[in-house]
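The block underneath contains the structure these notes are about, expressed in structure tokens.
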Amino acid sequence: MSVSDYIPVIGLEIHSELLTNSKVFCTCSAEFGGEKNTRCCPVCSGMPGTLPIINQRAVEYAIKAGYALGCEINKFSVWDRKNYFYPDLPKAYQISELNLPICLAGAVPIEYEENGEKKSKTIRINHIHLEEDAGKLIHDDLNGVSLCDYNRCGVPLVEIVTEPDMRSPEEARTLVETIALLLQYAGVSDCKMEEGSIRADVNVSLMRKDATEFGTRAEIKNVNSLKSIYRTIEYEIKRQAQILDRGGEVIQETRRFDANKGETKAMRSKEDAHDYKYFPDPDIKQVNLRDEDLERIKASLPEMPKQRLAKYMGFGIPEKEAKVIVNTKKISDLFEECLTHYNNPKSLVNFINGEIMRRINLGEIDIDKPSFTAADVAKLVEMSDTDKVTKNDAKEIFREMAEKGGDPEAIAKANGMLIVSDTGRVLEVIEQVIANNEKAVNQYKSGDVKVFGFLMGQCSKELRGAATPKVIKEELEKKLRSL
């Protein structure tokens, strides 16, 4: 049998760290980084006699995440201890939610392209629960050792558990990308995969096309990039298909993805919920929410991608171009702020989707830490629209803004790019060019219109900063017609 004879069944557990200043049950900094094992205290490392205190901001952010993903919110949820022994968990249990999670029954629509065909689908969310993160294991496969940094222990995160609704690596990749965007817009997570603030446990099983039950699943832990999610699922489908083709059985286990080799490796047999010996946490009170609490939190949600897309299309921007803006929150925020300085949506979109996105894709701009401001971008686009600089010079001005920052008008002046309308100077240069290029002028008069570009180029070279190409062209045509 081949892979095509099986139906992949894919579910995800997406972990996203929340943007609180402190950890979920203590006052240690939740900021990414820091010297290893320095952002820890007796509470988040589980020392005897310590008492955790719930971070209320983390609870609000979890509720916002639920609303962003179309969930119902539980007005009553409780904390549980999930017990397991593993090096990334110094206190041997994780404070989480099992039977009464904070969010239930969501749905996330996705749009994707597969085999050249555009598709759409809605992926169900089983629930979202709030919990504390574990430490970070650093695997050194070369030397055969693993090290642990406990700075991440206790950082608040939401775990988004999907239904097994996905049937291809592309669907799973798109879902993670879509959820990351929704959480960024909701303002609850920065979703930086390179920093581990969003990652996924990938559950994959195969069923034969004539089967009525799902196969045995393998769980691949902590996959931390969109590319790796795709590769993990792709590899796991092939691995399980080969086992089944040989008449073997796929065992339920936890695996990890080796990005260097492009394969998954067994870690341990997969436990079921009863193996964790969950029990209610005796030290933390339950969460009780009132209707007015939920209404206040829901009202605080900012514009989401769907709303912004509709607004931008209402400006007359084509859907494809509007989606380019919306699909990166930092870009959308830049566009929004630009509009407050120069209310010309189409011109701004053209410049952002063209010049700014081009330089981002080339790695010349870090959109998280740009050297230019939205006000400067808006001013530059307005200067280009009003013929204070040429379109080509605007690109050169922005290049300097992207590298060093600075006011676009000052850059234009310093480089002789600022156009000052001087009709007298234009006519003077045109006379000189015509006098110096008698052969080209005669060719033009004889019907060789191609030579006009040469004459135009000579004028533009001499008149840089004195007139727009439009003015030069009009005056040159007038003069040639009069000869």
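Per-structure values
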| read-out | value |
| --- | --- |
| Among the residues listed as R308, R255, R231, the single one being in the same structural domain as L157 (by TED's automatic domain parsing), closer than 27 Å to E111 by Cβ and surrounded by 17 or more Cβ atoms within 10 Å (Cβ to Cβ) | R231 |
| Residue that is of a type outside the set (A, V, I, L, M, F, W, C), surrounded by fewer than 20 Cβ atoms within 10 Å (Cβ to Cβ) and either in contact (Cβ under 8 Å) with a residue 24 or more places away in the chain or touching a Cys at 6+ places or on another chain (Cβ under 9 Å) (or both), where the choices are E236, E177 | E177 |
| Test set (1) farther than 26 Å from Q240 by Cβ; (2) in a strand (DSSP E or B); (3) in contact (Cβ under 8 Å) with a residue 60 or more places away in the chain - A200 fails condition number | (1) |
| A394 vs. criteria within 26 Å of E337 (Cβ to Cβ) and either in contact with a His (Cβ under 6 Å, 6 or more places away or on another chain) or surrounded by 15 or more Cβ atoms within 10 Å (Cβ to Cβ) (or both) | yes |
| Residue ID - surrounded by the most Cβ atoms within 10 Å (Cβ to Cβ), chosen from residues in the stretch 87-107 that are assigned to a strand (DSSP E or B) and not hydrophobic (A, V, I, L, M, F, W, C) | G106 |
| Lone qualifier among K238, K311 - being out of contact with any strand residue (DSSP E or B) (no Cβ under 8 Å at 6 or more places or on another chain) and modelled with pLDDT of 95 or more | K311 |
| Test for D80: is it surrounded by 15 or more Cβ atoms within 10 Å (Cβ to Cβ), under 20 Å from Y276 (Cα atoms) and under 29 Å from the mean Cα position of the chain (by Cα) | no |
| Residues satisfying the stated conditions in the stretch 168-220, i.e. among the basic types (K, R), within 27 Å of the chain's Cα centre (by Cα) and farther than 22 Å from V155 by Cβ | R173 |
| Matching option when the condition is buried (at least 16 other Cβ atoms within 10 Å of the Cβ), under 25 Å from the mean Cα position of the chain (by Cα) and in a loop (DSSP other than H, G, I, E, B), among G70, G66 | G70 |
| Residue under evaluation A410, criteria (1) assigned by TED's automatic domain parsing to the domain that holds M383; (2) surrounded by 15 or more Cβ atoms within 10 Å (Cβ to Cβ), criterion not met | (2) |
| Which numbered condition I365 misses (of (1) surrounded by 15 or more Cβ atoms within 10 Å (Cβ to Cβ); (2) outside any helix (DSSP H, G or I); (3) without any contact (Cβ under 8 Å) to a residue 12 or more places away in the chain) | (3) |
| Residue satisfying all of: in the stretch 203-228; in contact with a helix residue (DSSP H, G or I) (Cβ under 8 Å, 6 or more places away or on another chain) and assigned to a loop (DSSP other than H, G, I, E, B); surrounded by the fewest Cβ atoms within 10 Å (Cβ to Cβ) among these | K209 |
| Subset tally (residues that are touching a residue at least 24 places away in the same chain (Cβ under 8 Å), of a type in the set (S, T, N, Q) and assigned to a helix (DSSP H, G or I)) for the stretch 441-483 | 1 |
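Residues checked against (1) surrounded by 16 or more Cβ atoms within 10 Å (Cβ to Cβ); (2) assigned to a loop (DSSP other than H, G, I, E, B); (3) in contact with an Asp or Glu (Cβ under 6 Å, 6 or more places away or on another chain):
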site: S4; (1), (2), (3): no, no, no
site: I14; (1), (2), (3): yes, no, no
site: F25; (1), (2), (3): yes, yes, no
site: G34; (1), (2), (3): no, yes, no
site: T38; (1), (2), (3): no, yes, no
site: G49; (1), (2), (3): no, yes, no
site: I53; (1), (2), (3): no, yes, no
site: Y61; (1), (2), (3): yes, no, no
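The values are calculated or read from the model by the stated rules, or taken from the named source; none is laboratory data. What you are looking at is a predicted structure, and each value in this text was computed from that prediction instead of being measured. Because the Cβ atoms are built from the backbone with ideal geometry, glycine has one as well, and the counts that use them run over all protein chains shown.
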